[in-house]
Amino acid sequence: MKASKKCPHCGHWSTWNQDTSDRCKHCQGLLDPAAFERQQAQEERKEEEKKRFTVNLIQIHPTDSAFAKFWKSIGLGFQLAFVGIVSFILWLIALLAG
Ligand SMILES: [Zn+2]
């Protein structure tokens with residue numbers, strides 16, 4: 001059975017799949033703008049969380065001096081080890097939570 005919802009923009013009743021992105025068939029306005037915004041905010045939070053665990057890896061350029069390349073490879077080694085440990089912990093948490 002399809003639900004219907006009164007459009008907050010034009011006041012007409014429109015069919016509603018109870019989806020946050022459903023739009024009014026009369027004026028194309030969002031039927032539930034508050035829920036849509038809540039979902040947008042939730043997705044933004046997820047993106048932020050993803051960014052927190054992303055490490056900007058050191059870039060080694062072919063034009064770097066041997067000395068710079070040496071230190072950069074050591075730094076990169078630490079970074080990769082760190083990323084590996086963090087991913088392992090996240091995987092472990094996901095496994096234990098599941
Ligand atoms: Zn409408």
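Couple of notes before you dig in:
- Residues with amide H under 5 Å from that of Gly29, placed H, sequence gap 5 or more: Cys24
- Degrees separating the helix 66-97 axis from the principal Cα axis of the chain, which is the longest one: 40
- For Cys7, residues with placed amide H under 5 Å, excluding near neighbours: His12, Trp13, Ser14
- Based on Cα contacts under 8 Å between residues 6+ apart, the range 1-52 shows a relative contact order of 24 percent.
- With all pairs of different C-alpha atoms in the average, the Kirkwood value for the hydrodynamic radius of the chain is 18.1 Å.
- When the alpha carbon gyration tensor of the range 53-98 is reduced to an equivalent ellipsoid, the three semi-axes, largest first, read 31, 9, 5 Å.
- The candidates Leu31, Leu96, Leu80, Leu57, arranged from most to least accessible area with a 1.4 Å probe in the full protein assembly, appear as Leu96, Leu80, Leu57, Leu31.
- Helix 33-52 axis, angle to the chain major axis (alpha carbon atoms, nearest 10°): 10
- Cα→Cβ-extended label distance, 7 Å offset, between Trp13 and Gln59, nm: 6.0
- Fully extended contour minus Cα-Cα distance, from Phe36 to Lys72, at 0.36 nm per residue: 8.4 nm
The values are calculated or read from the model by the stated rules, or taken from the named source; none is laboratory data. Owing to the predicted nature of the structure, the values given are computational and were not obtained by experimental measurement. No Cβ is skipped: glycine too gets one built from the backbone with ideal geometry, and neighbour counts run over all protein chains shown. We work out accessible area using only protein heavy atoms, side chains counted, and drop any ligands, DNA or RNA first. Shrake-Rupley method; radii C 1.70, N 1.55, O 1.52, S 1.80 Å.
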